[in-house]
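The values are calculated or read from the model by the stated rules, or taken from the named source; none is laboratory data. Bear in mind the structure is a predicted one, so any value in this text is a computation, not a measurement. So basically every Cβ, Gly included, is an ideal-geometry build from the backbone, and we count neighbours across all protein chains shown. Quick note on the areas: whole protein, heavy atoms, side chains included, nothing else; ligands and nucleic acids left out. Shrake-Rupley method; radii C 1.70, N 1.55, O 1.52, S 1.80 Å.
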Amino acid sequence: MLLPELRAQVCKLHMELPRYNLVAWTSGNVSGRDPETGLVVIKPSGIKFEDLTPENMVVVDVNANIVEGDYKASSDTASHCYIYRHMPQVNGVVHTHSRYATAFSVVGRSIPCVTTAMGDEFGGEIPCGGFCLIGGEEIGQIVVETLKDSRSPSCLLQNHGVFALGDSAEHAVKAAVMTEDNAAIVWTASQLGEILPIAQSDIDKLYDRYQNVYGQ
Ligand SMILES: [Zn+2]
(Lines give C-alpha, C1' and ligand atoms only; values in the text may rest on other atoms or scores of the structure.)
Protein backbone atom coordinates (compact mmCIF):
# COMPACT_ATOMS: atom_id res chain seq x y z
CA MET A 1 0.00 0.00 0.00
CA LEU A 2 1.33 3.43 -0.97
CA LEU A 3 2.02 6.16 1.61
CA PRO A 4 0.85 4.35 4.79
CA GLU A 5 1.95 7.18 7.11
CA LEU A 6 0.25 9.94 5.13
CA ARG A 7 -2.90 7.78 4.82
CA ALA A 8 -2.96 7.36 8.61
CA GLN A 9 -2.34 11.07 9.20
CA VAL A 10 -5.00 12.28 6.75
CA CYS A 11 -7.51 9.76 8.14
CA LYS A 12 -6.85 10.90 11.72
CA LEU A 13 -7.10 14.58 10.76
CA HIS A 14 -10.57 13.97 9.29
CA MET A 15 -11.73 13.13 12.83
CA GLU A 16 -10.81 16.66 13.92
CA LEU A 17 -13.51 18.13 11.65
CA PRO A 18 -16.53 16.68 13.54
CA ARG A 19 -14.66 17.12 16.84
CA TYR A 20 -14.43 20.89 16.22
CA ASN A 21 -17.99 21.03 14.83
CA LEU A 22 -16.83 22.06 11.37
CA VAL A 23 -18.89 19.55 9.34
CA ALA A 24 -22.34 17.97 9.05
CA TRP A 25 -22.90 14.38 7.82
CA THR A 26 -20.32 13.60 5.05
CA SER A 27 -19.49 17.18 4.05
CA GLY A 28 -15.92 18.40 4.37
CA ASN A 29 -12.63 16.86 3.35
CA VAL A 30 -8.89 16.87 4.04
CA SER A 31 -6.02 16.04 1.71
CA GLY A 32 -2.28 15.85 2.16
CA ARG A 33 0.49 15.86 -0.45
CA ASP A 34 3.58 13.72 -0.05
CA PRO A 35 6.42 16.16 -0.91
CA GLU A 36 8.68 13.38 -2.21
CA THR A 37 6.39 11.61 -4.67
CA GLY A 38 3.94 14.49 -5.23
CA LEU A 39 1.06 12.05 -4.66
CA VAL A 40 -2.02 13.24 -2.80
CA VAL A 41 -4.03 11.32 -0.16
CA ILE A 42 -7.68 12.42 0.01
CA LYS A 43 -11.03 11.35 1.48
CA PRO A 44 -13.18 8.87 -0.44
CA SER A 45 -16.47 10.34 -1.68
CA GLY A 46 -19.62 9.99 0.44
CA ILE A 47 -18.14 7.89 3.30
CA LYS A 48 -19.17 8.87 6.85
CA PHE A 49 -16.42 10.20 9.07
CA GLU A 50 -16.65 7.31 11.54
CA ASP A 51 -16.19 4.81 8.69
CA LEU A 52 -12.96 6.36 7.39
CA THR A 53 -9.83 4.22 7.72
CA PRO A 54 -6.26 4.68 6.44
CA GLU A 55 -6.98 1.86 3.97
CA ASN A 56 -10.06 3.45 2.36
CA MET A 57 -8.33 6.79 1.74
CA VAL A 58 -7.73 7.42 -1.98
CA VAL A 59 -4.31 8.19 -3.48
CA VAL A 60 -4.32 10.39 -6.59
CA ASP A 61 -1.64 12.03 -8.69
CA VAL A 62 -1.47 15.81 -8.92
CA ASN A 63 -3.78 15.73 -11.96
CA ALA A 64 -6.47 13.95 -9.89
CA ASN A 65 -6.05 10.53 -11.54
CA ILE A 66 -6.58 7.66 -9.07
CA VAL A 67 -3.32 5.86 -8.35
CA GLU A 68 -4.56 3.59 -5.56
CA GLY A 69 -7.93 3.13 -3.87
CA ASP A 70 -11.14 1.11 -3.98
CA TYR A 71 -13.45 4.13 -3.77
CA LYS A 72 -14.14 7.23 -5.84
CA ALA A 73 -12.17 10.21 -4.54
CA SER A 74 -13.92 13.21 -2.95
CA SER A 75 -15.90 15.34 -5.41
CA ASP A 76 -13.53 18.22 -4.54
CA THR A 77 -10.41 16.30 -5.62
CA ALA A 78 -9.89 18.23 -8.87
CA SER A 79 -9.91 21.50 -6.92
CA HIS A 80 -7.48 20.21 -4.27
CA CYS A 81 -5.14 19.11 -7.09
CA TYR A 82 -5.43 22.46 -8.89
CA ILE A 83 -4.31 24.16 -5.66
CA TYR A 84 -1.34 21.77 -5.28
CA ARG A 85 -0.27 22.34 -8.89
CA HIS A 86 -0.33 26.13 -8.51
CA MET A 87 0.92 26.52 -4.91
CA PRO A 88 4.09 24.45 -4.45
CA GLN A 89 4.45 25.53 -0.79
CA VAL A 90 1.07 23.96 0.06
CA ASN A 91 1.03 20.31 1.20
CA GLY A 92 -2.34 20.23 2.94
CA VAL A 93 -5.85 21.35 1.93
CA VAL A 94 -9.05 21.30 4.01
CA HIS A 95 -12.59 22.12 2.90
CA THR A 96 -15.53 22.65 5.26
CA HIS A 97 -18.97 24.24 5.35
CA SER A 98 -18.43 25.38 8.96
CA ARG A 99 -21.39 27.47 10.12
CA TYR A 100 -20.18 30.93 11.01
CA ALA A 101 -17.60 31.15 8.26
CA THR A 102 -20.10 29.90 5.68
CA ALA A 103 -22.59 32.52 6.91
CA PHE A 104 -20.04 35.22 5.99
CA SER A 105 -19.68 33.59 2.55
CA VAL A 106 -23.45 33.66 2.03
CA VAL A 107 -23.41 37.45 2.25
CA GLY A 108 -20.17 37.57 0.20
CA ARG A 109 -18.26 39.18 3.05
CA SER A 110 -14.64 38.67 4.09
CA ILE A 111 -13.91 38.07 7.80
CA PRO A 112 -12.16 41.21 9.08
CA CYS A 113 -8.98 40.93 11.15
CA VAL A 114 -10.15 42.38 14.46
CA THR A 115 -8.52 40.23 17.17
CA THR A 116 -4.85 39.90 18.06
CA ALA A 117 -5.09 36.12 17.58
CA MET A 118 -6.33 36.64 14.04
CA GLY A 119 -3.49 39.11 13.43
CA ASP A 120 -1.09 36.38 14.60
CA GLU A 121 -2.47 33.62 12.43
CA PHE A 122 -3.88 35.36 9.37
CA GLY A 123 -2.04 38.68 9.09
CA GLY A 124 -5.16 40.32 7.67
CA GLU A 125 -8.71 39.55 6.65
CA ILE A 126 -9.89 36.12 5.50
CA PRO A 127 -10.96 37.02 1.96
CA CYS A 128 -14.10 35.83 0.22
CA GLY A 129 -13.78 34.55 -3.36
CA GLY A 130 -16.53 34.38 -5.95
CA PHE A 131 -19.22 31.81 -6.64
CA CYS A 132 -18.89 28.70 -8.78
CA LEU A 133 -20.43 25.25 -9.01
CA ILE A 134 -18.70 22.17 -7.59
CA GLY A 135 -17.35 19.18 -9.47
CA GLY A 136 -14.47 20.48 -11.57
CA GLU A 137 -11.39 22.50 -10.70
CA GLU A 138 -13.11 25.92 -10.80
CA ILE A 139 -13.17 26.10 -7.00
CA GLY A 140 -9.41 25.53 -6.95
CA GLN A 141 -8.97 28.37 -9.44
CA ILE A 142 -10.93 30.74 -7.21
CA VAL A 143 -8.96 29.70 -4.11
CA VAL A 144 -5.59 30.27 -5.83
CA GLU A 145 -6.74 33.60 -7.27
CA THR A 146 -8.17 34.76 -3.92
CA LEU A 147 -5.14 33.79 -1.81
CA LYS A 148 -2.24 34.56 -4.14
CA ASP A 149 -1.69 38.07 -2.75
CA SER A 150 -2.89 37.31 0.79
CA ARG A 151 -1.10 36.20 3.97
CA SER A 152 -4.25 34.37 5.05
CA PRO A 153 -3.97 30.57 4.88
CA SER A 154 -7.70 30.30 4.20
CA CYS A 155 -10.47 31.90 2.18
CA LEU A 156 -14.22 31.76 1.84
CA LEU A 157 -16.08 30.74 -1.31
CA GLN A 158 -19.25 32.74 -1.90
CA ASN A 159 -22.43 30.81 -0.94
CA HIS A 160 -20.36 27.71 -0.19
CA GLY A 161 -17.80 27.47 2.60
CA VAL A 162 -14.12 27.47 3.53
CA PHE A 163 -10.88 26.31 1.91
CA ALA A 164 -7.89 26.26 4.26
CA LEU A 165 -4.29 25.56 3.22
CA GLY A 166 -1.07 24.66 5.02
CA ASP A 167 2.47 23.42 4.51
CA SER A 168 1.10 20.19 6.01
CA ALA A 169 -2.37 18.67 6.30
CA GLU A 170 -2.24 19.32 10.05
CA HIS A 171 -1.56 23.04 9.57
CA ALA A 172 -4.40 23.23 7.05
CA VAL A 173 -6.77 21.72 9.65
CA LYS A 174 -5.53 24.27 12.20
CA ALA A 175 -6.30 27.08 9.72
CA ALA A 176 -9.82 25.67 9.18
CA VAL A 177 -10.43 25.55 12.94
CA MET A 178 -9.13 29.10 13.45
CA THR A 179 -11.19 30.39 10.51
CA GLU A 180 -14.41 29.18 12.12
CA ASP A 181 -13.35 30.47 15.55
CA ASN A 182 -12.68 33.94 14.16
CA ALA A 183 -15.91 33.97 12.17
CA ALA A 184 -17.86 33.15 15.35
CA ILE A 185 -16.07 35.88 17.32
CA VAL A 186 -16.65 38.54 14.66
CA TRP A 187 -20.32 37.60 14.31
CA THR A 188 -20.85 37.64 18.09
CA ALA A 189 -19.06 40.98 18.43
CA SER A 190 -21.19 42.46 15.66
CA GLN A 191 -24.30 41.68 17.78
CA LEU A 192 -22.84 43.60 20.72
CA GLY A 193 -21.93 46.82 18.99
CA GLU A 194 -19.50 48.53 16.69
CA ILE A 195 -16.42 46.49 15.81
CA LEU A 196 -13.18 48.30 16.62
CA PRO A 197 -10.55 47.88 13.91
CA ILE A 198 -6.86 47.09 14.54
CA ALA A 199 -4.42 49.30 12.58
CA GLN A 200 -2.70 47.46 9.70
CA SER A 201 0.70 48.45 11.16
CA ASP A 202 -0.21 46.64 14.41
CA ILE A 203 -1.53 43.62 12.47
CA ASP A 204 1.84 43.53 10.67
CA LYS A 205 3.70 43.51 14.02
CA LEU A 206 1.46 40.78 15.47
CA TYR A 207 1.89 38.62 12.38
CA ASP A 208 5.66 39.07 12.29
CA ARG A 209 6.12 38.23 15.99
CA TYR A 210 3.88 35.16 15.87
CA GLN A 211 5.27 33.76 12.62
CA ASN A 212 8.94 34.42 13.39
CA VAL A 213 9.47 34.63 17.15
CA TYR A 214 6.65 32.85 19.01
CA GLY A 215 6.86 29.19 20.06
CA GLN A 216 9.68 26.76 20.84
ZN1 LIG B 1 -18.27 22.09 -0.29
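With Rg and the Kirkwood Rh both taken from Cα atoms, where does Rg over Rh land for region 158-211? When Rh is taken as the Kirkwood radius, the ratio is 1.04. Solvent-accessible area of the chain (1.4 angstrom probe, protein heavy atoms only): carbon and sulfur portion equals 51 percent. Cross-link partners of Lys72 among lysines, defined as those whose alpha carbon lies under 21 angstrom from its own and excluding same-chain residues fewer than eight positions apart: Lys12, Lys43, Lys48. Over the chain, accessible surface divided per residue gives 49 Å², non-protein components excluded, 1.4 Å probe. When the P(r) is computed for region 1-102, the part past 17 Å accounts for 46% of the Cα-Cα pairs. Ordering Gly136, Ala184, Ala169 by Cα displacement along the dipole of the chain toward the positive end leaves Ala184 in first place; charges were set at the Cβ atoms of Lys, Arg (+1) and Asp, Glu (-1).
Rounded to the nearest 10 square angstrom, Asp181 shows an accessible area of 80 square angstrom against a 1.4 Å probe. Here the mean projected area of the convex hull built on the C-alpha positions of region 113-205 is 6.5 nm². The translational diffusion coefficient of the chain, from Stokes-Einstein at 25 °C and 0.890 mPa s with a Kirkwood hydrodynamic radius over alpha carbon pairs, comes to 142 µm²/s.
Taking GluC sites (Glu not before Pro) as exposed when DSSP calls them loop and at most 12 other C-beta atoms lie within 10 angstrom, the chain has its longest site-free stretch at 56-193. For the chain, the residue among Thr37, Thr77, Val114 whose Cα projects farthest onto the positive side of the dipole built from Cβ charges is Val114.
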